[in-house]
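The next block holds one structure in the form of structure tokens; read it before the comments.
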Amino acid sequence: MGIASFFRWKRKETAEGLRIRLRFLGAAGNVTGSRHLLEFDGTKVLIDCGLYQERQYQSRNWEDFGFEPSSLSAVLLTHAHLDHCGLLPKLVKEGFRGPVYCTQATAELAQIVLLDAGKLQEEDAEFKQKRHRKAGYTPPRPVEPLYTMEEAKACFQQFRPLPFHEPIRLGPGLEADFHEAGHILGASMIRIGVCRNGRCRTIVYTGDLGRVGRPILRDPETFDRADYLLVESTYGDREHQTPEDTKRQLEAAVNRTWQAGGNLVVPSFSIGRSQEVLYYMNQLLLEDRIPHIMTFLDSPMAVRATRVFEKYSNLYDSEMSRLVLNHESPFSFRGLKLIESPRESKAINHIKGTVMIIAGSGMCTGGRIKHHLVNNISRPESTILFVGYQAQGTLGRKILDGEPEVRILGQMLPVRAAIVRVHGFSAHADRREILEWLKKLQKRPQKVFLIHGEKESAENFKTYLTEKTGWDIHVPAFQEEVLID
Ligand SMILES: [Zn+2]
Ligand SMILES: [Zn+2]
């Protein structure tokens, strides 16, 4: 082929390109606030509509979406974590009237999460108003919640639950289906098919990618083909421990604290992580490796979520199904108490001897965990056990980073408790696991976009993946727009 015909061919290819527009409107260069906009031939679809949780990015929750919400055809929702669904009420409030596609379990869990978020937003606004009144300050505009509980409820009508693998048509030449992600109950990866005049491309969005062999849930599905991938990179610079290491660390922390006579305080996300901690505690008890200490799941939201987990036993892996059949469910072992009322929560403080308290929020930014931290963080015999990711700027991160003193509920408290971190609990695949997952592709993809990771982690992961695969890997910046063909 001569140079002239090469350019002709090149021009023809461009003219026929699909011109799929992707805009990275959140979780680009950071972990939370997942929002990705896909546009094709006039159809606009938003993939996830998450809330920013890192303090330095929270103001973005209040900003314009960067597109007209009423112009969207649909939202595709991967799972019920707030950093993926938490801005749906705002989207609806600002004019989005289309369907929110997700799995049935995601729909149920997201409703629990969003109602709670609405309540927290209302409380936040009220707290600010009070502070202003006290200071005699009149803000230029009245302080309002990002959205209320009522506004959270309003978006539930737009949920359209779907089974895994059932394709939905989003617009001419545009389809999607959901695949198991193994991250939390109901969590999915989304495959999007785009076609025009016989030219077809497949885009796979991992959402949060789970791990092979994790308790309760089935393993993430794999794909043999994808032209473009949007891949999370939360732990793109790390490798996790094995489940046995995780169990051993938990066992050691429980036994040490029991001998010292303190409490175990476990800040935990209500959905997924809390149930996983219960799973491991149940196993250690069944294997007689820890004493029968009282275990409190002290979070109304976690309790409600656990009931949804119990309901969707069809999504369990074989090991979990066997436990339930044998009446050894991790959600009902001896010594476990599910706490909903504040009165029962306060009563935990009066119990003598070692107890484990699992409470939210997962990064210690609010909720009942703060009270339990106040009561335990300065006791050398107690243990603060981190089982989840702690974003920059959160109280959890400060404690984990070894600050000698932290402010909790208005008091400066010295940190004297043992601070233990158990990595293996992660519901996110590490870099080696993501590489293994990517290697199931039969053909080299055209491009891989690394999202949902702090900049450093994503960049490290890019280097790692480039070395291992030689593929075209890109870390998009916030609000970056790319055209793919
Ligand atoms: Zn998640
Ligand atoms: Zn996430």
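When every Cα-Cα distance of the range 44-159 is counted in 5 angstrom steps from zero, the calculated P(r) takes the values 2, 12, 21, 23, 19, 11, 6, 4, 2, 0 percent.
Per residue, how large is the accessible surface of the chain? Use a 1.4 angstrom probe and give square angstrom.
Details: 21000 Å² over 485 residues.
Per residue, the chain has 43 Å² of solvent-accessible surface.
Note on H292: accessible area approximately 100 square angstrom, rounded to 10, probe 1.4 Å, nucleic acids and ligands left out. Less than 27 Å apart at the alpha-carbon level, and either on another chain or at least 8 residues along: which lysines does that give for K443? Cα-Cα hits under 27 Å: K10, K12, K462, K468. Helical runs assigned H by DSSP (4 residues or longer) give the chain a calculated mean residue ellipticity at 222 nm of -10000 deg cm²/dmol, each run adding -39500 (n - 2.57) before division by the residue total. Each of S321 and E16 was given a label point 7 Å from its Cα along the Cα-to-Cβ line. The distance between the two points is 4.6 nm. For a distance above 17 Å, tell me the whole-number percent of Cα pairs in the range 133-177 that qualify. Roughly 65 percent, once rounded to a whole number.
To the nearest Å, what is the center-to-center distance of the range 426-449 and the range 226-285, using C-alpha atoms only? Here the two parts' Cα centres lie 23 Å apart. Expressed as a whole percent, the accessible area of the chain that falls on carbon and sulfur atoms is 49 (1.4 Å probe).
Can you give the percent of C-alpha pairs in the chain whose distance is more than 39 Å? Before the final figure, lay out each step's value.
Numbers: 27981 of 117370 pairs.
Value for the chain (Cα pairs over 39 Å): 24 percent.
For the listed residue pairs K247/K346; K90/K398; K311/K440; K311/K337; K247/K352; K93/K128, the alpha carbons are over 24 angstrom apart in K247/K346; K90/K398; K311/K440; K247/K352. Based on the convex hull around the alpha carbon atoms, the range 243-425 presents an average projected area of 9.9 nm².
So which trypsin sites (Lys or Arg not before Pro) in the range 294-378 end up in coil per DSSP with only 14 or fewer other C-beta atoms within 10 Å?
Values: sites: R304, R307, K311, R322, R334, K337, R343, K346, K352, R368, K370; in loops: R334, K352, R368.
Passing sites in the range 294-378 are R334, K352.
Among the chymotrypsin sites (Phe, Trp or Tyr not before Pro) within the range 97-139, those in coil by DSSP and having at most 16 neighbouring Cβ atoms inside 10 Å are Y137.
The length gained by stretching the chain between A252 and T138 to full extension, at 0.36 nm per residue less their Cα-Cα distance, is 35.7 nm. For the range 207-248, the square roots of the Cα gyration tensor eigenvalues, ordered a ≥ b ≥ c, give a/c of at least 1.5 with a/b no greater than b/c, which places it in the oblate category. Three principal axis extents describe the C-alpha atoms of the range 338-485; from largest down they are 62, 28, 27 Å.
Applying a 4.7 Å cutoff between beta carbons, the unpaired cysteines of the chain are C49, C85, C102, C155, C364.
Normalised by the number of residues in the range 243-425, the average gap of Cα pairs under 8 Å and 6 or more apart makes the relative contact order 33 percent.
The values are calculated or read from the model by the stated rules, or taken from the named source; none is laboratory data. Every value quoted in this text rests on a predicted model; they were computed, and no experiment measured them. Don't worry about glycine lacking a Cβ; one is built from the backbone with ideal geometry, like all the others, and counts go over all protein chains shown. Each accessible area value is taken on the protein alone, full model and side chains, heavy atoms only, with ligands, DNA and RNA left out. Shrake-Rupley method; radii C 1.70, N 1.55, O 1.52, S 1.80 Å.
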